[in-house]
Structure formats: structure tokens, C-alpha cells
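One structure is given here, and the rest of the page talks about it.
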Amino acid sequence: MAFIDEAEIVINALNKHDIKAKAGKEKVIGLYPMEKLIIDFNLDSHVRNGNISKKELGEFVEKYLSSTTKIHHPSYLAHQVAPSHYTGALGSLIDGFTNNAMAIYEMGPGAAAIEYFLINWMLEKIGWQPSPLTMEDEKNSHCFGGGILTHGGSIANLTALLAARNRVAPAAWDNGNPPDLALLAPAGSHYSIARAASILGIGRNAIYHLDVDKKGAVLPDKLGKSLARLERDGRKPMALVANACSTAVGIYDPLDKISDFCRDNNIWFHVDGAHGASVLLTREYKYLLKGVEGADSLTWDAHKLMQVPTLCAALLFRDHADIDTAFKQEASYLFHEKEQPGFDFIQRTIECTKAGLGLKLFMVLAALGERGISDYIESRVRLTREAHGYINGQSGFECPVIPQSNILCFRVHGSDELQIKIRDQLIQEGNFYLSTTLFNNVRYLRIVIMSPETTLEEIKKLIREIKSIIKGAMGVTSD
Ligand SMILES: *Cc1c(COP(=O)(O)O)cnc(C)c1O
């Protein structure tokens, strides 16, 4: 079988799948037992024998697609994963096909050029100095930013904290950590922050939780108190991490005031904008990131709010030297010193073989433009605020915070257990897919409006279905 024939089978199947999913006529989720899928896909026979025929390929792809969770479905409301734009998937295809492991320039000049350009584009959106393109530029700019595209916000956060660790404890790369390092972060920071503390050998118990308000947003007036507590324990702050926005409820920390505090106290300021930094592209909501330019580093996922397929996350630094020395203390700051026509990203990343992640981001931007992405984000955030008004107005329902992003939590009157039962029942029915979260130790149902197809109609139908679940014989009283 030739590539072109197989591609035709796959692309046609994807096209049909896409149309069906977006129309919302089928179930958004169906959790078949794993052992059934392994048999249905005929995995054993295909793996042993190879030589899959055209007919078998068509059958396999169809079965596979029908087993998928439909991220593009208007009732997909669960996780912060982009309903990927097909142009991004074409970018993944080009990257997979050419397989230019571009961490060194000679292994992928095109991919490296795209990544360098996109990092600069993002640096400018933050308000940081882009990296120079020529030797002349480099001589004339003393402080410029830098960054890397990597496989997800979790790796980006780990890398940012590594760079922060190296600044406070430059000898740690060779000798290991001093025993007194600590981190400042709100309790509502993403779990990858605590993991990073453990991976870096600081230990997650070295995280000092910042005081927050009822929405979980950091209280800037209490920062001094947290720092004093840390110092009283004989520790040194390695970094302060803030959310833009928080994963559970999508609330932005006051970055401007936090950044002033970090500057005054000489503390590395990392902003975890994995989900919410994309509002920098909008006119309506970029104010939520006010003060981000005062940070040292920012995590910004493209595979969440920019319709880019997984994985594609950016880690950006105000000063490129911080990332250029993160993995190799004596790294040259100046890439033009090396006699080659482009940039090696390899010294900026945990990864050795590195995918050309910029292609999929570029392809989506080339289709939608900054304006298209901005319109998409603004419409999703606006709809989430409308959904909040609607749900909060229903008797028996309550929302803990007014949403700032496209994340909305609510609960029905009753126990935590009831919220989980409702979700289980919804997933079993397969008409809606949402998640739950703990916020201030209370269990909430949580929706994230990601699909461009979702309207207030879906939200109204969801609430109707939840009401009928509560009425139905669930064996749990609703109050
Ligand atoms: C999603 C998220 C992460 C993790 O990013 P991945 O790309 O899923 O690894 C980290 N921080 C925040 C605030 C997030 O919302």
C-alpha cells in the first residue's frame, strides 16, 4: 500500500468524524472496557502479522475513532485540552513525517526558525525584548528574552524552577542542593509545581503557601508575612509562583503587585500561565495579566486555549541568560559566537530528541491569525460568564466564584458524594462530559468551555439533565 492511499483512507475518516463530532449528534464520551477495545481493534493479530490491508486499515480507523472522547463536541466540557484546529493536526503530520529532531539547528533548520520566531512573537506579547536575529542586533541589545517550546506546562514549570534554583544556588548543578531552599506558592497552584519541588530535590514540604482570598487569589498585602515565616525557619526563597489562571476555578493572581514584591525582595517570580496566558492575545481580557512583564519566567501552553494539538507549551524568560545557563552553567550566552547559521535549542531543554512543536502552532496561527484566536478566546470567556449567570440563577445550584476565564465551578445543594454521583451518571449517559474539582475542600462540578461549537443551549440542556438525575432514583437525597 502506498502512503497516498492510506492517507486518503485516514483523512476521509477524520473528516467524517470531525463533522459528526461538531454536530453533536453522537455521544461525547463512551467508556468501553479496555479488554473489549483490545479485541475489537484486532491488536494482537495486527501486531503479529503486520501487512495491514486497505480494508483493515479503514476498519481499524473507524473503530478507533468511534472509541474516542469527542473533544470537538459541543458538550465536551471536561478538561483544558484544545479542540484542535485541523491545520494544527496537519502541522503534526508534517512534523511526524519529516521527523526533524530540531534541538540542534542542523537537524531541522526550518523547525528551529519557526520556533525561534514564535518564541519572539510570544515574548513581544508579554512585553519582553525579543531575541536578536542577527549578530548586529545581538551586539546592540543587552537584555533580551528567550524561551523554548516543550512537551507541556508541567515540564515548562519544572524547567522554570530549575532555572530559579540555579540563580539562588549556582553551585547546586554540580554539588546538589543546599538544605535551606524553599518555594512560595498559593495552595491552589497546579500539582506540577509540587512535583517539580520534589523532582528538584527541594521536597514538596518546602512549599510555603501564600495567603489567599475566598476565590483563591493571592493577597499581595500578606506576601511579607509569608516571606517572614519562611525566613524565620532559616530558609531562602528559591522562587515565588503565581497562577494566571488557577486550574481549579480559573482565577488570576494580582501579578503586578506580586511582581513588585518579588523585585523588592529579589525573589524569582514565575507565572504559571499554562492555561490562562493566552488571553494576552485578546483586547478584552489581557488586563488579567497586568504586571506579567515584571516576572522572570512564564509558562504558556498553546495546546489549551490556542486550538493547537497536544503537546505544545512555551516557557519564556525575561532574560535569555537564565534559560541558556539552566542546564549548563558555562553555556555561551551568544549563539552567534558559534559559526553556524541558526540557533541550537538543545541547551535550553530537558529533551534531547526534540519535536518541531512550532509547526502546529504556526499552522493554526496561519489559518486563524491572532485575531481569530483572540475572537475564539473572548467568545469562550464571555459564554462562561453567561453560563455562570444562568447556573447561579437556578434554585438548588451555586457557584463559588464569578469566572474570570473559561473555567466555571458549581455544585448542587447536597453532599460532595452527590456531585460525584451526578458526574458519574452524566458520563454513563454520554451526553455531557465534565469534571469535578476540590476547591476550599468542597467538591464542585467543573466545566471548561473549550469547544467553539458550545452555546448557552448546551449549558441549559446540561442543567436540565442534572436536575432530572437529582429527581431520579439515585439513592442520595439532594438536601
Ligand atoms: C494545565 C496546567 C498545567 C499543566 O500543563 P500541561 O501542559 O498539562 O502539562 C500547569 N499549570 C496550570 C495552571 C495548568 O492549568
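The values are calculated or read from the model by the stated rules, or taken from the named source; none is laboratory data. Keep in mind that this is a model prediction, so the values were computed, not measured. Every residue, glycine among them, receives a Cβ derived from its backbone with ideal geometry; neighbour counts consider all protein chains shown. When the accessible area is computed, the model is the full protein with side chains, heavy atoms only, and any ligands, DNA or RNA have been set aside. Shrake-Rupley method; radii C 1.70, N 1.55, O 1.52, S 1.80 Å.
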Across the chain, where is the longest run that never hits GluC sites (Glu not before Pro) in a DSSP loop with at most 11 other C-beta atoms within 10 Å? 1-329
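If the chain between K54 and Q428 were fully stretched, how many nm would it gain, using 0.36 nm times the residue separation less the Cα-Cα distance? Don't jump to the answer; show the numbers that get you there.
Working: separation 374, 0.36 × 374 = 134.64 nm, distance 3.40 nm.
Once the chain is fully extended between K54 and Q428, it gains 131.2 nm.
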Relative contact order [Cα under 8 Å, 6+ residues apart], the stretch 259-398, whole percent: 21 percent
Simple SL model, points at 7 angstrom along Cα→Cβ for N205 and E457; separation in nm is 5.6 nm
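Just how many pairs of Lys in the stretch 269-369 have C-alpha atoms closer than 22 Å, counting pairs that are eight or more places apart or on different chains?
For the stretch 269-369, the number of qualifying lysine pairs is 7.
Among 437-446, 168-177, 153-162, 65-74, how do they line up by average Cβ neighbours within 10 Å per residue, starting with the highest?
153-162, 65-74, 437-446, 168-177
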Measuring from label point to label point, each 7 Å out along Cα→Cβ, what is the C143 to H413 span in nm? 5.6 nm
Taking 7 Å along the Cα-to-C-beta vector as the label spot, tell me the L93-L133 distance in nanometres, rounded to one decimal. 3.0 nm
For the chain, what does the helix formula give at 222 nm: sum of -39500 (n - 2.57) over DSSP H segments with n ≥ 4, over the residue count, nearest 500 deg cm²/dmol? -13500 deg cm²/dmol
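Using a simple charge model, +1 on the beta-carbon of Lys and Arg, -1 on the beta-carbon of Asp and Glu, nothing else, what dipole does the chain show about its Cα centre, in debye to the nearest 20? Kindly include the intermediate steps, with their values, before the conclusion.
Details: 51 positive and 56 negative charges, 323 e Å.
Dipole of the chain, to the nearest 20 debye: 1560 debye.
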Give a quick list of trypsin sites (Lys or Arg not before Pro) in the stretch 1-64 that DSSP marks as loop, anything other than H, G, I, E or B, with at most 10 other Cβ atoms within 10 Å. K25
Under the 0.36 nm per residue contour assumption, what length would be gained going from the current alpha-carbon distance of F117 and D375 to full extension? 90.6 nm
The chain: relative contact order in percent, alpha carbon pairs under 8 Å with at least 6 residues between: 22 percent
About the Cα centre, charge dipole magnitude for the stretch 380-473 (Lys/Arg +1, Asp/Glu -1 at Cβ), debye: 140 debye
What number comes out for accessible area per residue over the stretch 109-255 if the probe is 1.4 Å? Units Å², please. 42 Å²
Cα gyration tensor category, rounded, prolate or oblate, for the stretch 2-68 with a/c compared to 1.5: oblate
For K222, the lysines lying under 19 Å Cα to Cα, once residues fewer than eight places off in the same chain are dropped, come out as K214, K236, K257
Using a cut-off of 12 Å between beta-carbons, work out the net charge of the residues near A160 (Lys and Arg +1, Asp and Glu -1, A160 not included). +1
With N denoting the number of residues in the chain, provide Rg(C-alpha) divided by 2.2 N^0.38 Å, to two decimal places. 1.04
P(r) histogram, all alpha-carbon pairs of the stretch 374-464 included - 10 Å bins from 0, percent: 16, 53, 28, 3
Computed FRET value (nearest 0.05) for S198 with L438, which takes r as the C-beta separation and R₀ as 22 Å: 0.60
In whole Å, what is the distance between the alpha-carbon centres of the stretch 382-432 and the stretch 238-270? 28 Å
Restrict the search to the stretch 189-230; then list the trypsin sites (Lys or Arg not before Pro) that DSSP places in a loop and that have at most 13 other Cβ atoms within 10 Å of their Cβ. K214
For the chain, with +1 on Lys and Arg beta carbons and -1 on Asp and Glu, the positive-most of I466, P237, S189 along the dipole: I466
Considering only the other residues whose Cβ falls under 14 Å of the Cβ of D424, what net charge follows from Lys and Arg at +1 and Asp and Glu at -1? -1
